[in-house]
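J.: Please find one structure pasted underneath; my questions will follow.
FYI, it's all coordinate maths here, none of it is from the lab. Since the structure is predicted, the reported quantities are computational estimates derived from the model, not experimental observations. Using ideal geometry, Cβ is built from the backbone for each residue, glycine included, and neighbour counts are taken over all protein chains shown.
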Amino acid sequence: MTNETTDAVWRRDEIESPCVKVCVVHPAARLCTGCLRSIDEIGRWSRMTPEERRAIMAELPGRAGQLKVRRGGRAARLGQV
């Protein structure tokens, strides 16, 4: 079996996951800070239809505004942020 043959076995005609392997859930927004999906969406992704995945992918850019950047360090303690 060639690499092309084995690679073809793993290729699928489906919408790829937006996962960027930065899996941290924002405490207030309850979204992954890496891919912007909810825990439920992440868990169901492999069972979703292409239409469901497309709808979520379309929503992701607008979700970035829901994540407030947390400021830490000295500036935050001194109220300079």
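J.: Scan around LEU31 for amide H atoms under 5 Å from its own, H built in the peptide plane at 1.01 Å from N, and keep only partners 5 or more places away or cross-chain.
T.: HIS26
J.: Please compute the length gained on full extension between SER46 and SER17, using 0.36 nm multiplied by the number of residues separating them and subtracting their Cα-Cα distance. Present the calculation step by step, with values, prior to reporting the outcome.
T.: Working: separation 29, 0.36 × 29 = 10.44 nm, distance 0.88 nm.
Length gained, SER46 through SER17: 9.6 nm.
J.: In what sequence, highest mean first, do 51-60, 14-23 appear when ranked by Cβ atoms within 10 angstrom? Each step should come with its number before you reach the end.
T.: On the way: 51-60: 13.3, 14-23: 11.5.
Final packing ranking: 51-60, 14-23.
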